[in-house]
There are 2 protein chains.
Amino acid sequence: MAELYGGLDLGGTKIYTIVATAGGEVRGEFELPSEADRGLEHTLGHMVESMEEAAKRAGTSVAELAAIAVAAPGPIDFKAGVITAAPNLGWEKVPLRSLLKRAWHHEVLLENDANAAALGEYTYGAGRAFCDMVYVTVSTGIGGGFVFDGRIYRGASGAAGEVGHITVEPNGPRCFCGNRGCLEIMASGTALGRLGTEAVAAGHSEMLREICDDPADVKARDVAIAAARGDPVANEILDEAARYLGIGLGSLINLVNPEAIVVGGGASKIGDRLLDPAIAEAKRRSFPQSFGDCAIRFAELGERVGALGAIAVATGGRTPIASS
Amino acid sequence: MAELYGGLDLGGTKIYTIVATAGGEVRGEFELPSEADRGLEHTLGHMVESMEEAAKRAGTSVAELAAIAVAAPGPIDFKAGVITAAPNLGWEKVPLRSLLKRAWHHEVLLENDANAAALGEYTYGAGRAFCDMVYVTVSTGIGGGFVFDGRIYRGASGAAGEVGHITVEPNGPRCFCGNRGCLEIMASGTALGRLGTEAVAAGHSEMLREICDDPADVKARDVAIAAARGDPVANEILDEAARYLGIGLGSLINLVNPEAIVVGGGASKIGDRLLDPAIAEAKRRSFPQSFGDCAIRFAELGERVGALGAIAVATGGRTPIASS
């Protein structure tokens with residue numbers, strides 16, 4: 001029987017666990033809520049249980065897994081195996097690696113969730129034909145990760161790949177990070193919602209007001225629906241977000257000159273309506289050669305990207321394909 | 001006797017050649033003008049001669065050099081050993097590697113000049129204590145190079161590290177590359193000169209008009225001199241350029257999270273007056289952890305950076321120091 005690996009994706013709302021072969025063939029999977037409001041012990045218990053259940057469903061046990069990796073939010077102290085801070089879980093300085101090791105009696109690898117997702121797409125998804133790849137996730141926030149020559153590039157603090165926090169509008173609105181005009185504040189799902197809420201408050205879009213559940217909290221998907229139905233204001237909002245996304249992608253292409261950019265997250269649901277104008281803007285702003293040499297693809301792993309990313313971390317990913 | 005290496009820096013105005021040990025100890029050096037206006041054969045002849053002369057001064061010959069590398073401008077087709085385009089030399093598709101190999105009867109390594117400079121500072125200069133480093137050169141233009149874990153990161157087209165062509169002002173002036181508001185057009189020496197020329201034309205700075213040789217072509221150094229003498233307009237120009245440089249550095253720190261940024265080029269001459277406010281701006285715009293983990297240093301190799309960079313390419317650089 002093929003060796004099996006365990007990959008766990010710890011999210012703000014759910015814990016998604018997969019047991020799979022090194023080739024990414026899923027043999028067992030299991031999901032439990034994170035329920036972080038019920039405390040660290042509770043969430044930890046769900047993590048432990050979910051891996052045990054996924055292993056059982058794969059016809060094996062945690063003890064028999066060849067390797068286990070966990071994709072976790074927030075900055076990580078990799079040497080110590082500690083989650084430095086994960087605001088969406090209310091965690092600070094949690095020694096996750098040793099806690100899980102004690103529970104599972106098994107070595108555990110920790111990786112930042114965006115980096116794990118990047119290695120997941122690189123190994124099993126839209127990036128599998130490339131040597132150097134940038135993963136960009138456009139969702140509530142905008143994040144990302146670098147895989148260069150088959151390895152995650154973490155940078156000095158493990159924070160490399162923060163695509164969402166490059167400045168695209170120097171005097172733009174204040175981002176949660178303290179900077180002004182970050183890509184995230186200009187083009188994330190949250191940005192779409194904010195612009196939609198402003199448009200409704202100003203009485204600019206009757207359609208958007210009707211579509212949304214709460215006019216004081218318009219969602220990105222409301223904007224996408226209104227735009228698809230032809231609402232000009234919603235379409236302007238999408239165009240503006242796409243323009244900033246394109247500015248960010250253009251800078252990324254000129255600076256990093258990647259072979260591929262893989263775009264995941266909720267934005268994939270809005271799809272070509274957001275990505276096509278963003279790519280057109282990136283093309284106008286980047287070197288023709290660098291743009292031409294960069295494949296831009298939607299992510300392929302969907303909801304499983306974090307857990308399969310953890311599997312990729314556990315297996316060591318794949319051997320890079322020689323680049324030209 | 002220690003093995004000796006040859007490094008040649010092909011610039012738009014001069015050819016600078018060094019013969020040195022693997023440790024970067026210079027044993028012979030020689031300089032000749034490029035004189036590209038006299039044609040390819042002429043420039044090539046000067047390249048050939050300069051290496052022969054530098055070797056002679058080092059008490060050896062080209063044939064006895066352990067390895068030779070050439071740092072050249074413009075995009076390079078590394079597989080073919082061809083300079084794709086070097087506008088400042090008037091070159092297009094020049095098979096430089098085979099031309100030099102034939103003349104020297106010796107294998108030749110080619111590298112992009114910014115990448116070579118990056119590896120030079122990494123190996124012998126301000127970056128020698130770090131594992132991952134970004135080199136940024138602020139001069140007539142703004143360029144750069146990445147060294148990750150001891151190796152030059154070239155990207156898909158050999159164009160990675162183009163720090164000067166990230167967008168820092170989306171509606172800014174048109175850059176020569178076609179984009180608007182590139183860091184290069186906002187903060188390079190050329191940008192300082194352009195802003196100085198505009199200030200003189202508008203009659204805003206008497207001091208600047210007196211300092212410059214040609215009021216229709218104010219130079220960056222004129223602006224620096226006027227600023228040092230207390231001219232408020234020149235100081236505003238420096239502040240604005242520094243702000244954009246800081247926006248660029250901040251994005252670089254958040255995105256690449258390097259252990260070190262080494263700043264070279266003519267801007268080093270303006271020095272702290274430009275870099276200090278740029279660093280302050282970068283600090284305001286980047287993650288505290290990523291900023292705190294990034295050393296920002298002036299380059300140390302001066303005029304020799306390209307030739308010593310080529311030596312580093314010839315020797316393979318240095319073994320990376322384990323990062324935390």
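The values are calculated or read from the model by the stated rules, or taken from the named source; none is laboratory data. Fair warning: this is a prediction, and the values are worked out from it, not measured in the lab. Glycine gets a Cβ as well: all are built from the backbone with ideal geometry, and neighbour counts include every protein chain shown. We work out accessible area using only protein heavy atoms, side chains counted, and drop any ligands, DNA or RNA first. Shrake-Rupley method; radii C 1.70, N 1.55, O 1.52, S 1.80 Å.
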Problem set entry | Number of positions in the range B:105-118 that are open to solvent by 10 Å² or more (accessible area, probe 1.4 Å) and in a helix (DSSP H, G or I) | 2
Exercise. Does the range A:66-85 contain at least one residue that is assigned to a loop (DSSP other than H, G, I, E, B), among the aliphatic types (A, V, I, L, M) and in contact with a Gly (Cβ under 7 Å, 6 or more places away or on another chain)?
Worked result: no
Exercise. In the range B:159-172, is there at least one residue being modelled with pLDDT of 95 or more, away from every other protein chain (no Cβ under 14 Å) and touching a Gly at 6+ places or on another chain (Cβ under 9 Å)?
Worked result: no
Seminar exercise, completed: Flagged in the range A:127-143 as crowded, with 24+ Cβ neighbours inside 10 Å and either on the phi > 0 side of the Ramachandran plot or away from every other protein chain (no Cβ under 12 Å) (or both), in numbering order, are A:127, A:135, A:137, A:138
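Any idea which of A:240, A:236, A:300 is open to solvent by 30 Å² or more (accessible area, probe 1.4 Å), on the phi < 0 side of the Ramachandran plot and touching a residue at least 60 places away in the same chain (Cβ under 8 Å)?
A:300
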Exercise. If you check residue A:180 against the conditions, is it within 14 Å of chain B (Cβ to nearest Cβ) and of a type in the set (D, E, K, R)?
Worked result: yes
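Tell me which helices (runs of 4 or more DSSP H) are completely within the range A:230-320 and hold 1 or more residues being at pLDDT 95 or above and either more than 10 Å from chain B (Cβ to nearest Cβ) or under 22 Å from residue A:146 (Cβ atoms) (or both), or say none if there are none.
On the way: elements: A:232-256, A:267-270, A:272-285, A:288-292, A:305-315.
Those helices (runs of 4 or more DSSP H) span A:232-256, A:272-285, A:288-292, A:305-315.
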Exercise. If residue A:194 satisfies every condition in (1) more than 9 Å from chain B (Cβ to nearest Cβ); (2) of a type in the set (D, E, K, R); (3) in contact with a strand residue (DSSP E or B) (Cβ under 7 Å, 6 or more places away or on another chain) but one, which is the exception?
Worked result: (3)
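Looking only at residues that are open to solvent by 20 Å² or more (accessible area, probe 1.4 Å) and under 20 Å from the mean Cα position of the chain (by Cα) in the range B:12-23, which one is modelled with the highest pLDDT? Working first, answer last.
If we filter the range B:12-23 for residues that are open to solvent by 20 Å² or more (accessible area, probe 1.4 Å), which is where we start, we get B:12-14, B:16, B:22-23.
Among the residues that remain, those that are also under 20 Å from the mean Cα position of the chain (by Cα) are: B:12-14, B:16.
Values: B:12: 90, B:13: 92, B:14: 95, B:16: 98.
Top of the filtered list is B:16.
I'd like to verify a number: residues in the range B:5-61 that are on the phi < 0 side of the Ramachandran plot and either assigned to a loop (DSSP other than H, G, I, E, B) or touching a residue at least 60 places away in the same chain (Cβ under 8 Å) (or both), how many? Spell out how you get there, then give the answer.
The initial filter retains those residues of the range B:5-61 that are on the phi < 0 side of the Ramachandran plot, namely B:5-23, B:25-34, B:36-38, B:40-58, B:60-61.
Next, from what is left, pick out any that are either assigned to a loop (DSSP other than H, G, I, E, B) or touching a residue at least 60 places away in the same chain (Cβ under 8 Å) (or both): B:5-13, B:16-18, B:20, B:22-23, B:25-26, B:29, B:34, B:58, B:60-61.
Of the residues in the range B:5-61, 22 are on the phi < 0 side of the Ramachandran plot and either assigned to a loop (DSSP other than H, G, I, E, B) or touching a residue at least 60 places away in the same chain (Cβ under 8 Å) (or both).
From the residues in the range A:188-229 that are β-branched (Val, Ile, Thr) and modelled with pLDDT of 95 or more, which one is farthest from residue A:163 (Cα to Cα)?
Going through the range A:188-229, the residues β-branched (Val, Ile, Thr) turn out to be A:190, A:197, A:200, A:211, A:218, A:223, A:225.
The next check asks that each one be modelled with pLDDT of 95 or more; those that pass are A:197, A:200, A:211, A:218, A:223, A:225.
Working: A:197: 25, A:200: 29, A:211: 31, A:218: 25, A:223: 23, A:225: 26 Å.
So, considering only residues that are β-branched (Val, Ile, Thr) and modelled with pLDDT of 95 or more, the one farthest from residue A:163 (Cα to Cα) is A:211.
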Seminar exercise, completed: Filtering strands (runs of 3 or more DSSP E) wholly in the range A:123-197 for at least 3 residues that are under 28 Å from residue B:152 (Cβ atoms) and in contact (Cβ under 8 Å) with a residue 24 or more places away in the chain gives A:132-138, A:142-148
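Give the range A:181-221 a look and list any residue that's more than 26 Å from residue A:282 (Cα to Cα) and surrounded by 21 or more Cβ atoms within 10 Å (Cβ to Cβ), or say none.
From the range A:181-221, those more than 26 Å from residue A:282 (Cα to Cα) are A:197-218; that's our starting set.
Matches in the range A:181-221: A:199, A:200, A:205, A:208, A:211, A:212, A:218.
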